[in-house]
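**Student:** First, the structure itself, so that you have it in front of you.
Nothing in this text is a laboratory measurement; each read-out follows from the coordinates by a stated rule. Everything numeric in this text was worked out from a predicted model, so none of it was measured. With ideal geometry, Cβ positions are generated from the backbone for all residues, glycine too; neighbour counts draw on all protein chains shown.
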Amino acid sequence: MPDSPHHKAGSCAAVIAAGGSGTRMGGGTPKQFLELAGVPLLVHCLRAFAAVPEIGPLVVSTNAEYLEHTRELTARHGFDHILVVAGGASRQESVANGLAALAPQVRETTLVAVHDGARPLVEPELIRRCLAAARQHGAAIAAIAVRDTLKRAGGGQHPLIAATVEREGLWQAQTPQVTTFALLHRALEEAAATGFIGTDEAALLERQGFPVALVPASTSNLKVTHPEDLSLAEALLMKNHTLPRIGHGYDVHRLVPERKLILGGVEITHRLGLLGHSDADVLTHALCDAILGALGAGDIGHHFPDHDPSYRGISSLKLLAAVMERAAAAGCRLTNADLTIVAQQPKLAPHLPEMRQKLARICRVEPERINIKATTTEGLGFAGRQEGIAAHAMVLLAVQPASS
C-alpha cells in the first residue's frame, strides 16, 4: 500500500486532547467518537491538522478505557502512524501525558499545538495562523471577541442579575492553543507541583507571566458539548461542503482452472479461479471503477493497464489503496459503498464479513459503510453457466472544500 499522505515530518507537533467521558452529551459514548457526517469528531480534527504541512508528530490523549478503540479508529482512517496515549483524570493531565509522549520526537523550541478533540470544524488556515502568531509572540490561542452582553448572576435556585459585565476587551477562548514544548512543559510541571488546575493551556502560561497572543477565529470552530451542538456542527459542515459525488463500477472476469479465486481481497477455495493480469479480484475492481467514476478520473484500465508488467499478479487491494490516495488528493472521502457480486458458485455468504473488513480498512471507513451482497442468476447467462463472475459497485464520495 502507498505511504499515508498524512505521514510526514514537520517543524511543529500537536496534542489532541480527547480524554473526555462525554457525560453532558448523554448516551454513554464519549463525544469525540460521535459521528459528524459519518466521520467521528476526532477524525475530523486529525484531518485538519494533517492538512497543515508544518505539523509533524501527532499525539491523541484519550480516555484510558478507550485506548485500544482509539488506536483502531485512527488506524482505520489512515492515521496508523500517530501516537495514542492514555489521558488523565483532568484535561490538564491528559495534555501533560500527550506532551510526555512527544518528548522523544521534538526539541525544546518545537511549537506544540493543543486542540480539543471535540472541536471538529477547525480549519487548517486557523491552525496555520495560530502557529505563525506563536512564532512571533511565544504563545497564541484561537479566540473570538465576545459579542453579546454579559450578565453576572447572584446566588440561589433562581438567580437574579447581580451586574452587567463590560464586554469590551473580552474574548472567548478556543483551541488550538500553541506555544513551545519547553514553555508548556514548564507551565504544566509548575501547575502540577502547586495543585493548580487551569481551564486551558493559556491559563497556565498566564500564571507563569508568559504573554499569549489572541488569534481571531470563528464561531464555526465550536466545541461539541451538548446534543444540540452536534446538529449545529453538521449544519455548518454541510454549508461549507460541495455536493457529494456518485460513482458506478462494473467488472467481469472469466472463470478458469488453475487460478485462485479472490474476491474483496479474500481467497476462496473453489475449483475455478478468475482470469486476469492482476489477481482478477472482480469485486475490488468494480469498487475502484466506481470511485474513479465519482472522481471523473476514467477507469481502472486507464490507471493500471494490463500491458504493464508491474501490475502482473498484483493484489487488487493495492490498486484500491492507490485509488483512495487519488481520492484523498482530490479532497474526497468515501461515505459509503454498495457492492453486488453476481456468481452462481461458490456460496459466498460466509466470506462477506471478511471482504467487508478488508475493503473498509483500505477505504479508511467503518465496516458498516461497506455493504456487500451476493446473488445468483438462477442459472441464466454466463454467470449462471459458471463461465465468469461479475460485480457492480455504487459509491458516494463526500467532497471537502480546498483549504485556503
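**Student:** Apply the membrane-span-like helix rule to the chain: whole DSSP H runs, Cα extent along the own long axis of at least 18 Å, mean Kyte-Doolittle hydropathy at least -0.5. List the helices found.
**Tutor:** Those that clear 18 Å and a mean of -0.5 are 124-137, 181-194, 227-239, 282-295, 316-329.
**Student:** Compute, for the chain, the length of the dipole vector about the Cα centre, with Cβ point charges of +1 (Lys, Arg) and -1 (Asp, Glu) only. Units Debye, rounded to 20.
**Tutor:** 160 debye
**Student:** Separate question: Suppose a student asked you for the relative contact order of the chain, using Cα pairs under 8 Å spaced at least 6 residues apart; what percent would you report?
**Tutor:** This gives 15 percent for the chain.
**Student:** So, one more: Pulled fully out, how much extra length does the chain show between Q357 and D80, if you take 0.36 nm times their separation in residues and subtract their Cα-Cα distance?
**Tutor:** Working it through step by step, the gained length comes to 98.1 nm.
**Student:** Give the calculated FRET efficiency between R385 and L232 to the nearest 0.05, with a Förster radius of 51 Å applied to their Cβ-Cβ distance.
**Tutor:** Working from the Cβ atoms, E equals 0.35.
**Student:** Run down the aspartates and glutamates and flag those whose C-alpha is under 16 Å from the C-alpha of K31, throwing out any fewer than 8 positions away in its chain.
**Tutor:** E65, D116, E228, D229, E234
**Student:** Please work out the FRET efficiency for the pair A192 and H69, using the Cβ-Cβ distance as r and a Förster radius of 30 Å; give the result to the nearest 0.05.
**Tutor:** That gives a FRET efficiency of 0.60.
**Student:** Efficiency by 1/(1 + (r/R0)^6): what FRET value for D148 and E325, r their Cβ-Cβ distance, R0 = 45 Å, to the nearest 0.05?
**Tutor:** That gives a FRET efficiency of 0.50.
**Student:** On full extension of the chain, what length is gained from E258 through Q136, given 0.36 nm per residue of separation minus the C-alpha to C-alpha distance?
**Tutor:** 37.2 nm
**Student:** Semi-axes of the equivalent ellipsoid of the chain: what are they in whole Å, largest first, if each equals the square root of 5 times a C-alpha gyration tensor eigenvalue?
**Tutor:** Equivalent ellipsoid semi-axes, largest first: 49, 22, 19 Å.
**Student:** Which far-off residues, 5 or more places away or on another chain, put their amide H under 5 Å from the one on G265, with H placed in the peptide plane?
**Tutor:** Sorted by chain and number, the residues that satisfy this are T284.
**Student:** Name the residue from A162, Q177, A187 whose Cα lies farthest towards the positive end of the charge dipole of the stretch 145-190, charges +1 on Cβ of Lys and Arg and -1 on Cβ of Asp and Glu.
**Tutor:** A162
**Student:** If one computes the Cα centroid of the stretch 192-253 and of the stretch 289-365, what distance in Å separates the two points?
**Tutor:** 32 Å
**Student:** Mind listing which GluC sites (Glu not before Pro) in the stretch 159-241 are in a DSSP loop and have 13 or fewer other Cβ atoms within 10 Å?
**Tutor:** Here the GluC sites (Glu not before Pro) that fit, given the DSSP loop and packing criteria, are E166, E168.
**Student:** Moving on. Return the calculated 222 nm mean residue ellipticity for the chain, to the nearest 500 deg cm²/dmol, obtained by summing -39500 (n - 2.57) across DSSP H runs with n ≥ 4 and dividing by the residue count.
**Tutor:** Using -39500 (n - 2.57) per qualifying helix, the result is -9500 deg cm²/dmol.
**Student:** Determine, for each peptide in 133-141, 91-99, 307-315, 371-379, the mean count of other beta carbons within 10 angstrom over its residues, then list the peptides with the highest first.
**Tutor:** Most protected by this proxy first, the peptides run 91-99, 133-141, 371-379, 307-315.
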